[in-house]
Structures are given as C-alpha cells and as structure tokens.
1. Among the residues that make up the range 322-334, is at least one of them farther than 24 Å from I150 by Cβ and either surrounded by fewer than 20 Cβ atoms within 10 Å (Cβ to Cβ) or touching a strand residue (DSSP E or B) at 6+ places or on another chain (Cβ under 6 Å) (or both)?
2. Provide a single number: the residues in the range 414-470 that are hydroxyl-bearing (S, T, Y), outside any loop (DSSP other than H, G, I, E, B) and open to solvent by 30 Å² or more (accessible area, probe 1.4 Å).
3. Kindly indicate whether any position in the range 128-150 is surrounded by 23 or more Cβ atoms within 10 Å (Cβ to Cβ), touching a strand residue (DSSP E or B) at 6+ places or on another chain (Cβ under 6 Å) and not in a helix (DSSP H, G or I).
4. Residue under question is W631, and the condition is that it be among the aromatic types (F, W, Y), within 14 Å of G559 (Cα to Cα) and modelled with pLDDT under 90; does it hold?
5. Take the residues in the range 208-228 that are under 17 Å from G191 (Cα atoms) and among the β-branched types (V, I, T); name whichever of them is farthest from the chain's Cα centre (by Cα).
6. Those residues that are among the hydrophobic types (A, V, I, L, M, F, W, C) and open to solvent by less than 60 Å² (accessible area, probe 1.4 Å), I need them from the range 385-413; list them, please.
7. For the range 182-206, how many residues meet the condition of being at pLDDT 95 or above and assigned to a loop (DSSP other than H, G, I, E, B)?
Amino acid sequence: MHPNQFQFDKRWLNQVINEKNFISLGVITLIFLSLIGFGQPANVNLDPSWTAALGYAFTHHWQAGVDYIFTFAPLGYHQHFHSAYLPELFKSFLIFQIVISLSLSILFLYALRFIKSDLDKILYFVLLITVSLGWHLEPKYFLALHIIFIFSIHLLTRYDFTWINYFGLLLAFLALIIIGMGKFTFFVWTGIAVTGIIFMAWWQHSWKIALVILLSFIFLFSLVWLILGQSLANIPIFIINSIEITKGYSEAMSLGYLPTQLFYALAIFLCFLGLVVLNIATQSNKMAALVTGTVLLLSLFLAFKAGFVRQGLHVLIFFPTALTLVFLMNDYSNVSKIVYLIQRVLRYAVVVFSLYGVLISGGFGIPHHAENFLGLWNRRVITNINTLADLPKLTQHYQSSWNNLKSQYELPEMRKIIANSTVDIFSWDQMIIFLNNFNWHPRPVFQSYTVYTKKLMDINQQFFLNNPPEFIIFKLQTIDHQFPLLNDAESYKILLQNYKPVIEEKGYLLLQYIAKQQSTFSSPILLEQDIKEGEWLNVEQWTDQPFLLTLDIDKSLLGKIYTTFYRLPEVYLETKTSEEKILRHRLIPRMAETGFLYNPLILSQQDINQWYTGETLTSVNELRLIIQPAWIQRLFSPKLGVKLTAFERGQKLMTKTN
C-alpha cells in the first residue's frame, strides 16, 4: 500500500472512531431502547380490539374515511407501539417499529444542535428518555414533527436554496407524511407545518420556489397514499369524515377535572408565549421566528386538546410534550443579560410546571417521585434489550397467547350458523371477529362510542339500510357510564327492528337480518316541550309503549368558545323508574339529537334478550337533566328541549335464545 494511501485511511479511521461519535452512538442507542415498542398480546378489550381492527383494515386495503372512520389513518396500526398482536402483520409491525424508532432516535439526537447550553442538553436528554417517551404515543411524535419543521425552516432561511437543500426538504416531507399517516392529529399537524414551510419559501425566496415545494409535497403525499393502498379520490372524504369525528370528540370523550392540572397547563402556555415573543423580538429574521413560534404554539394546543379533553392519564400527553418542546426554543447569544435571564427563567419554569404536572397526574398506579421514573425507565430499557436479543421468543409468546385466546373465545355454534356470511359486531370486541376468522363487514364508524355526531350516525344508518351484514354479534357495552343505547342510536333502531336473535354463546348474542320493516322512524310525537336543568318531567302516561327520547341541548356562545379551547363539561340524564329507583347516566348532547330508545329501559345484555322475546322490561316514570356545578349551566341555553316519539317494536319474537 502506498504510504500516502495508508495515511489517508488512518485519518479517515480516526475520524470515524473518535470520542464524539461513540458518545453519539451511545445516545442513539439509549433513546432507541427507551423508545421502541413491541405491541401487546391479543386481547378482546377495547384498545386491543380497535388496534386489531386498524390492522385488519390495512391488510384488506380498506379506504380510510370511507370503509372505516376513526381517529387513526392508514398507518395507525403500525405506528401505535401498543397495537395488539395479529399473526399476519406482526413481522411488518416489528420492522416498522424498529425502523421508525431508530429514525426518531437519530432525529432526537439531531435536536441537540439547537441547544447551546451543556446543562440544557443533559436536561433534554434525561427528561426525554425517562419521562417523555414513557407513556403515550403523541409526545414523541409531536417532538419529532417539530424537529423536522425547524430543520426545514433552517434549510430555507439560513442557506441559499440549492439542490442539496431541495433534497433535504424532500426528506423532511417524507418524514412528515409517514408520521401524518398514523393519526389524524398528526395529519393536521403535518398540514400546518407544510403550510408554514411553503409560506417561508415564498417569503424568503420566490413564489416559483414555493410552488415547486408545494407540488413536490403533493407528489410525495400522493405516492405514499397510493403505496398504502388508498385511492386519491377518497382524500377529501377522509379529511371531511375525520374532521367530523374531531368535532364530536371534545364533547363525547370529555372526562375528569382536576383544576391544578389545568392551572399548570395554562402557566406553561404563558411561558411558551413569552418565549415566542422574546424570540420574535430578538431574532434578525422576524418572519421565520413568527412562523416557527406560531407552529410551536399550535403544536402545544393540539397536545393540550389531546391531553385535557379526556383528562386523567391523557394529561401525560400534554405535560411530557411541553417538557421537551421547550428545549427547541432558540438559545440567545447577542442579547442583553436581562433578556437572556428572562429566557432561562421561562424555560426552566416550563420544565418545573411540566414535571409537576406529570407528578400530580394520579391514576397510573405509581408513586409520585423522581426515582420511580428512573426505575420505570430502567426496567423498560432492560426489557427491550432482552426482547431484541430474542425476537423469535417474543413471537412465540404472542402466538401462544393468540392460540389460547382463540380457544377461550371460540364460537363453534355461531360459526356453524354464520359460515361465510357477512357479520358485524356491537360494540367494541372486534377481536372476537379475528379470533374466529369471520367475514367482517362492519359499519364505517366501527366503534359505537365514537359515533359522536348526527352525520356519523347517518353514515352508519345508511350502511345498515343499504348494505346490512347478514349477522350481528351483539354484546351491550358502553364507556364512562353513558346511557347504553345512546351510542350509535340510529344503528340500534335498525338492530331492534330488522334483526332477530338466533343463539347466545359465551355472553354474545347472535342476531340475524330479517325482512326490512316498513318503518322509517317517523312515528307520532308523544310530547315536545322545554324543561329547565334539574326539573323533573313526568312521562308515566306513555310508559306502556316504546318511545324514543330526543334532546335539544344547545350551547351558548360562551359554551361554543369554551369547548373550542377546552372541552364540554359532563351532562347527566337521571331516570326515575317504575321500580322507584333513580338511575344516573352520562349523556352526550350531540348523540341525543336524533333520538334514542329510552323506554323501556335496555341497560344490559339480559334486557336485550327480553326485548326480543317480548318480555316486560323496566319502564321510565320521570326524567331530568343534570348540569353541575351551577356556573357550568352558563355554557348552555337555559331551555332544554325534550321530545318523545313512539317507536315501533317491529316483529314480535317470542322464541328465547339458548
């Protein structure tokens, strides 16, 4: 070998093998081991069932927003690190998790470039691996999306626009698109980020460059959408129906209220606002600072809505997100000492408020002290190391659990009857379908508790009127102690009229489609009047017949503003029964707009059986609406509309199920 060649190879080797690169590799490895998820064994519970349903939709190339309507997009199954095991998808799920976790680890390391203080770098890294990556899907993706956005803005504002920068933007777009294909929240965030990037391209360079960047994004998005088996023609429908679910989420899924958590969240917002204002005031490129700050605040708002609508464990979306996002705010160099001091105080205030917000978030069964976070992180890393060391063992364990679950929930009698006919399931145990290999033909909004609005109810109703499944596997289920037949009320009306019971097996009732009834649900109105909150309404004179209850609970202007930025407070329906009992159920106002079967009371699986066999059920004597505490009533119109409508029972079926 020539001496010069040897010297060159030695220099190259010294550059590769140096302390800095080893530290970087160690950081990436620790983040990767803290981040990666391996799913969970199959289970018939709510979350495993909807993740499995997303996997089934992916396998069968169902169209997002058309064949299925949910809060997740085409890559939802693969993106969620707690997705339930499905034999046909587990290999691709593992590959996706390894690749995306490694990519995010490199991205989170790259973010250290934006942090100048060594202390802040250490804080960012420690808080990232021990807190932000520990519980929910959203914090890591919110952080990743914002890092990609900042990288894109830097390409546009700190350098001349060259081919290298253009390809860097394409890579950033591809990353944004892949993350955006997982959940609609990320899809929206991607749209916001790309809008900011295109605006900065126009502002910093020219409209021609902005147009090229826009067309490039559209091309990449369309390509990925097609690769995932989706039709370009369905993109508008996907967006419209996903927005419809989003519109109803703040009302239907609102839960819990701990004022202290809200106080710390507002304090965090104010600190971020102060940091954004300081950034705009001190940066030479004020437009870039304005756009970056605006997108950051919108990111924080999306994290707030995700965390505080369904308050409880979901606040562990918002606080960990704020905890790491704050480190992406610019460090200041050529500024006065007072500005520098204010910036540091605001940053560390966000860290303190966020950490305390995590610590006071009860309900997840761990002691609230820092050592516990380190302990959880330590166990997570060790578990992930052992899992990666023997992935075939993990697959074997999951497959064994699948086989055991399949034996436990095997429905041989139903299988004989159903054979290859189409079948849907009410309400959320979709895993039963996959364990028994039934021919699933679901209503578009396949989880009944997510049928938040009248439009979504109409979509499901039209499905049952025009293309009903031959069979329904039925189990009465509801969340948050909501009135059971309130969820997906229009579909329930059809089930109660156009299906008959066939057999009951392992707690599930099999219903079979019969000749369509003539009723179009436009039956006579029995009563229509306004009542006040807390006022009892006597309905005894109609309790000898089935009737629907329709409620008109309008929000005031203050209520509309309040729910836009926060969530709708809980509303309750109280019922005095013929047995002199008072029952209280959670009421979702939008779900009650079309009318739901209220009398007789169907509150359990046994009640459903008695409905179909014509047996006597408990009836309603009086009802009232409860909106407490008193100040919350200002969020609603003072008049609460009540309407009772007769409901035809349809064919009377006197044969009891087995």
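The values are calculated or read from the model by the stated rules, or taken from the named source; none is laboratory data. What you are looking at is a predicted structure, and each value in this text was computed from that prediction instead of being measured. Positions of Cβ are backbone-derived with ideal geometry, glycine not excepted, and every protein chain shown enters the neighbour counts. Only protein heavy atoms, including side chains, enter the accessible area calculation; ligands, DNA and RNA are left aside. Shrake-Rupley method; radii C 1.70, N 1.55, O 1.52, S 1.80 Å.
1. The initial filter retains those residues of the range 322-334 that are farther than 24 Å from I150 by Cβ, namely none.
No: zero hits.
2. Looking only at that region, the number is 1.
3. No, because not a single residue in the range 128-150 is surrounded by 23 or more Cβ atoms within 10 Å (Cβ to Cβ), touching a strand residue (DSSP E or B) at 6+ places or on another chain (Cβ under 6 Å) and not in a helix (DSSP H, G or I).
4. Taking the combined requirement at face value, the residue satisfies it.
5. Top of the filtered list is V212.
6. L388, L391, L394, W402, L405, L411
7. 0
For (1) in contact with a helix residue (DSSP H, G or I) (Cβ under 7 Å, 6 or more places away or on another chain); (2) touching a residue at least 24 places away in the same chain (Cβ under 8 Å), each residue gets a yes or a no:
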| residue | (1), (2) |
| --- | --- |
| K286 | yes, no |
| L296 | yes, yes |
| A303 | yes, yes |
| V309 | yes, yes |
| L323 | yes, yes |
| L328 | yes, yes |
| K337 | no, no |
